[in-house]
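The values are calculated or read from the model by the stated rules, or taken from the named source; none is laboratory data. Predicted, not measured: the structure shown is a model, and the values here were computed from it. Cβ: placed from backbone, ideal geometry, glycine included. Neighbour counts: every protein chain shown.
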Amino acid sequence: MSAAEDESAERDALRARYVAFAENEARGVSPLYERLARAVAASEPLLRFVSSLPPAKRQPNLLFAAVRYLYGTPDDGPHLADLVARHPDPIRALMLARGTQTNEPGRCAVLLPALAGLPQPLALLEVGASAGLCLLPDWYGYRYGSRQVAPRHTALYPGPVFPCEANAATPIPRVVPEIVWRAGLDLNPIDLADPEEVAWLETLVWPGNSGREQRLRATMRIAREHPPRLTRGDLLADLPALAAQAPRDATLVIFHSAVLAYVTPEIRARFAETVRALNAVWISNEASSVLPEVAARLAVPPPAGRFLLAIDGEPVALTAPHGQAIEWLHRRES
């Protein structure tokens with residue numbers, strides 16, 4: 001295959017990626033992001049710009065967040081194309097420097113049923129912790145339809161209540177679990193005392209999601225009041241040492257959500273081996289394509305746009321990417 005054919009094939013794959021984002025992730029969640037993603041897929045100049053970036057920096061939400069952070073939210077596709085054409089270098093520099101560390105605390109709503117079914121108390125260790133907002137599930141409230149679960153603690157500021165659609169099979173707990181230790185591991189932890197870091201986190205919330213933005217701000221207030229321990233480190237090299245610090249009389253839970261997509265399949269496999277070698281419960285909440293050996297245990301392939309929640313590699317639920325819905329597949333034996 002010639003260089004031109006390689007470039008064309010790469011462009012086609014990128015176009016398909018943006019169409020898939022529009023159809024499977026943004027549709028029904030952010031109409032503007034759906035339109036912007038389709039605009040990128042239909043624009044040769046925008047595709048050329050995105051393809052000039054390293055593969056790990058071509059995500060739609062990273063492009064859109066970088067443009068919004070620097071120049072405000074684009075009105076539509078032509079506005080996005082104009083901003084990228086006039087400011088390619090600052091946008092490229094920001095995309096290279098930043099990542100999509102969304103740290104969506106709403107995902108605690110889909111993690112909670114899994115956590116509550118484990119022997120307590122719990123010691124939580126999150127891989128890819130960002131600002132550590134998902135390490136504080138006991139400080140949040142939850143609403144599953146007509147059922148509500150109150151936070152275990154009372155914060156100085158009103159805490160968020162995360163809404164989550166749940167099917168009848170979901171084992172919704174009456175109370176949140178007891179957590180006696182928590183720590184996060186991240187290559188670049190986000191410092192909530194840094195206004196620029198906070199502004200970037202807020203920019204990662206998609207347009208049209210004002211409720212998510214308000215709840216994010218509420219969780220950041222709690223995290224400043226009760227900061228979780230965050231460690232700068234690698235998910236392979238530094239995980240065992242951090243896990244060894246958890247108290248022995250608590251159930252160690254190593255968990256991650258929307259993290260492994262940003263590392264290579266080889267690293268994912270080595271990470272799975274590393275976690276299985278530790279005396280811990282492993283909870284993963286990732287796109288089904290990220291851990292194919294876990295998805296292979298399903299009777300039918302999961303629908304597009306859903307994450308797969310698994311406990312120790314066993315699928316237990318389908319979840320919405322931002323924690324707004326959960327469909328439990330079966331009840332886990334206690």
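Name the residue that is surrounded by the most Cβ atoms within 10 Å (Cβ to Cβ), counting only residues in region 22-50 that are under 21 Å from residue 93 (Cβ atoms) and aliphatic (A, V, I, L, M).
Taking the candidates together, the pick is 36.
Given the condition of a type in the set (Val, Ile, Thr) and crowded, with 18+ Cβ neighbours inside 10 Å, answer yes or no: does some residue in region 297-310 qualify? Reasoning before the result, please.
Within region 297-310, the subset of a type in the set (Val, Ile, Thr) is 300.
Pick out the ones that are also crowded, with 18+ Cβ neighbours inside 10 Å and you get none.
Checking region 297-310: not a single residue is of a type in the set (Val, Ile, Thr) and crowded, with 18+ Cβ neighbours inside 10 Å.
Considering each of 175, 205, 198 in turn, give the residue that is β-branched (Val, Ile, Thr), under 22 Å from the mean Cα position of the chain (by Cα) and in a loop (DSSP other than H, G, I, E, B).
After applying the criteria, what remains is 205.
Residue by residue, here is whether (1) in contact with a Leu (Cβ under 8 Å, 6 or more places away or on another chain); (2) among the basic types (Lys, Arg); (3) surrounded by 13 or more Cβ atoms within 10 Å (Cβ to Cβ); (4) within 27 Å of residue 272 (Cβ to Cβ) holds:
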{"residue": "150", "(1), (2), (3), (4)": "no, no, yes, no"}
{"residue": "170", "(1), (2), (3), (4)": "no, no, yes, yes"}
{"residue": "207", "(1), (2), (3), (4)": "yes, no, yes, no"}
{"residue": "228", "(1), (2), (3), (4)": "yes, no, yes, yes"}
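Based on what the data block shows, is residue 113 under 23 Å from residue 164 (Cβ atoms), out of contact with any helix residue (DSSP H, G or I) (no Cβ under 9 Å at 6 or more places or on another chain), touching a residue at least 12 places away in the same chain (Cβ under 8 Å) and buried (at least 16 other Cβ atoms within 10 Å of the Cβ)?
On the way: under 23 Å from residue 164 (Cβ atoms): yes; out of contact with any helix residue (DSSP H, G or I) (no Cβ under 9 Å at 6 or more places or on another chain): yes; touching a residue at least 12 places away in the same chain (Cβ under 8 Å): yes; buried (at least 16 other Cβ atoms within 10 Å of the Cβ): yes.
It is true that residue 113 is under 23 Å from residue 164 (Cβ atoms), out of contact with any helix residue (DSSP H, G or I) (no Cβ under 9 Å at 6 or more places or on another chain), touching a residue at least 12 places away in the same chain (Cβ under 8 Å) and buried (at least 16 other Cβ atoms within 10 Å of the Cβ).
Of everything in region 113-133 that's touching a Pro at 6+ places or on another chain (Cβ under 6 Å) and assigned to a helix (DSSP H, G or I), which residue is nearest to residue 213 (Cα to Cα)?
133
If residue 280 passes every condition in (1) without any contact (Cβ under 8 Å) to a residue 12 or more places away in the chain; (2) aliphatic (A, V, I, L, M); (3) crowded, with 17+ Cβ neighbours inside 10 Å but one, which one does it miss?
Condition (1) is where residue 280 drops out.
Quick one: residue 8 ticks every box in (1) part of a helix (DSSP H, G or I); (2) surrounded by 13 or more Cβ atoms within 10 Å (Cβ to Cβ); (3) among the small types (Gly, Ala, Ser) bar one, so which box is it?
Here residue 8 meets the rest and fails (2).
Name the pairs whose Cβ atoms lie under 7 Å apart, with the first residue in region 150-167 and assigned by TED's automatic domain parsing to the domain that holds residue 140, the second in a loop (DSSP other than H, G, I, E, B) and aromatic (Phe, Trp, Tyr), and 6 or more positions between them or separate chains?
So the pair list comes out as 151/140; 159/140; 160/140; 162/140.
From 315, 292, 301, grab the single residue that is of a type outside the set (Lys, Arg) and at pLDDT 95 or above. Quick ask: steps written out before the conclusion?
On the way: 292 fails: at pLDDT 95 or above; 301 fails: at pLDDT 95 or above.
One residue alone meets the criteria, 315.
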